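The structure appears below as structure tokens.
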Amino acid sequence: MDFLRPASWEEALAAKAEHPTAVPIAGGTDVMVGINFDHLRPEYLLDLNRIADLSEWEAGDDSVRLGACVTYTHIMEHLRGELPGLARAARTIGSPQIRNRGSVGGNLGSASPAGDSHPALLCAGAEVEAESVRGVRLIPVEEFYVGVKRNALAADELIKAVHIKTADGPQQFSKVGTRNAMVIAVCAFALALHPETRTVKTGIGSAAPTPVRARDAEKFLTGALAEGGFWETGQTIPASIATRFAQLASGACNPIDDVRGRAKYRRHAVGVMARRTLAWAWDEYRDVGRTGKGIERCA
């Protein structure tokens, strides 16, 4: 195994073009596990830790640009107002040591259906900035996942950054695991309310071959909230609407039985999480979102 250590982004792109099979490594929280268990034996490792730009972020009026190596800890501490759903998801990831090293860029590169950042990225409307010596392209995150642990990157491309829309309303994240901490998700669910466009978006993890959105559930709830005037009045969402939303969210799943849980349980759990996250997000919207003071800056 050869170890490539570029000093700049341009050198990294050149190295990836010359060695398309090179596996990028920064935090190493996924790659090193695969190597240590002999599930992964790359010919080349491409170390990105010397490239400082990848650990920087920029918050604009409408979106946040996260460098590929920005850590979960940094997101929790500095971006919980702009990206509350992702910050909540970051809190559930591994141990403090893992959160200090792991990054959204690494989670995307691994493209595991169980990656905790994926549901939050889906419901927030993220785009992946991929680059090669041939140029730059932005990939909508829902198009980035193409199979189990497979992403849409070309062989010579690297993830440079992730662009995520700044929250304009409450965002929630929920995860089921075999214990309360340091656990891979049995399944996960994220929900974002977008009052500016009067829409709802979702993200589901570990309940299909790839992370997915519950599009039928989103369409139903968006229509129900509009028809009932809920955005304007802030009235409590009836149980019948919440139940139907949960049923449609469960229907978006295509899970399997594995060592962490059965498919039937995953579908049921996603429905429960859909109801709960909707209740939490709507309570926050009623308390804060209709006052004109913006969303609550906490996670």
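The values are calculated or read from the model by the stated rules, or taken from the named source; none is laboratory data. Since the structure is predicted, the reported quantities are computational estimates derived from the model, not experimental observations. Note that we place each Cβ from the backbone using ideal geometry, even for glycine, and neighbour counts take in every protein chain shown. Calculation scope for accessible area: heavy atoms of the full protein, side chains included, ligands and nucleic acids excluded. Shrake-Rupley method; radii C 1.70, N 1.55, O 1.52, S 1.80 Å.
Identify the residue in the range 156-178 that is among the charged types (D, E, K, R) and over 22 Å from V200 (Cβ atoms) and, among all such residues, is least open to solvent (accessible area, probe 1.4 Å).
E157
If you go through the range 140-154 one residue at a time, how many are among the hydrophobic types (A, V, I, L, M, F, W, C), in contact with a strand residue (DSSP E or B) (Cβ under 9 Å, 6 or more places away or on another chain) and open to solvent by 10 Å² or more (accessible area, probe 1.4 Å)?
Residues meeting the conditions: 3.
Starting from the range 114-139, keep only residues that are over 15 Å from D156 (Cα atoms), then list their pairs with residues that are surrounded by 24 or more Cβ atoms within 10 Å (Cβ to Cβ) and among the hydroxyl-bearing types (S, T, Y) whose Cβ atoms are within a distance under 7 Å, requiring at least 6 positions of separation or different chains.
Within 7 Å, the pairs are A114/S206; C123/T202.
Considering each residue of the range 216-240, count those that are in contact with a Ser or Thr (Cβ under 8 Å, 6 or more places away or on another chain) and either buried (at least 20 other Cβ atoms within 10 Å of the Cβ) or not polar (S, T, N, Q) (or both), and give that number.
Within the range 216-240, the subset in contact with a Ser or Thr (Cβ under 8 Å, 6 or more places away or on another chain) is 217-218, 222.
Still in the list and also either buried (at least 20 other Cβ atoms within 10 Å of the Cβ) or not polar (S, T, N, Q) (or both): 217-218.
Counting residues in the range 216-240 that are in contact with a Ser or Thr (Cβ under 8 Å, 6 or more places away or on another chain) and either buried (at least 20 other Cβ atoms within 10 Å of the Cβ) or not polar (S, T, N, Q) (or both) gives 2.
Identify, from the list K165, K149, the residue that is closer than 22 Å to C69 by Cβ and at pLDDT below 95. It would help to see each step written out before you state the result.
Values: K165 fails: at pLDDT below 95.
Exactly one residue qualifies, and that residue is K149.
Name every residue in the range 200-229 that is hydroxyl-bearing (S, T, Y), out of contact with any Gly (no Cβ under 8 Å at 6 or more places or on another chain) and farther than 15 Å from I241 by Cα, in order of residue number.
Matches in the range 200-229: T202, S206.
Can you pull out every residue in the range 184-199 that is open to solvent by 20 Å² or more (accessible area, probe 1.4 Å) and closer than 23 Å to S110 by Cβ?
Within the range 184-199, just I184 meets the criteria.
Condition test on R260, is it crowded, with 21+ Cβ neighbours inside 10 Å and out of contact with any Leu (no Cβ under 9 Å at 6 or more places or on another chain)?
Considered against the rule, which asks whether it is crowded, with 21+ Cβ neighbours inside 10 Å and out of contact with any Leu (no Cβ under 9 Å at 6 or more places or on another chain), R260 comes out as no.
When the residues of the range 106-132 are narrowed to those that are part of a helix (DSSP H, G or I) and open to solvent by 10 Å² or more (accessible area, probe 1.4 Å), which ends up nearest to H194 (Cα to Cα)?
N107
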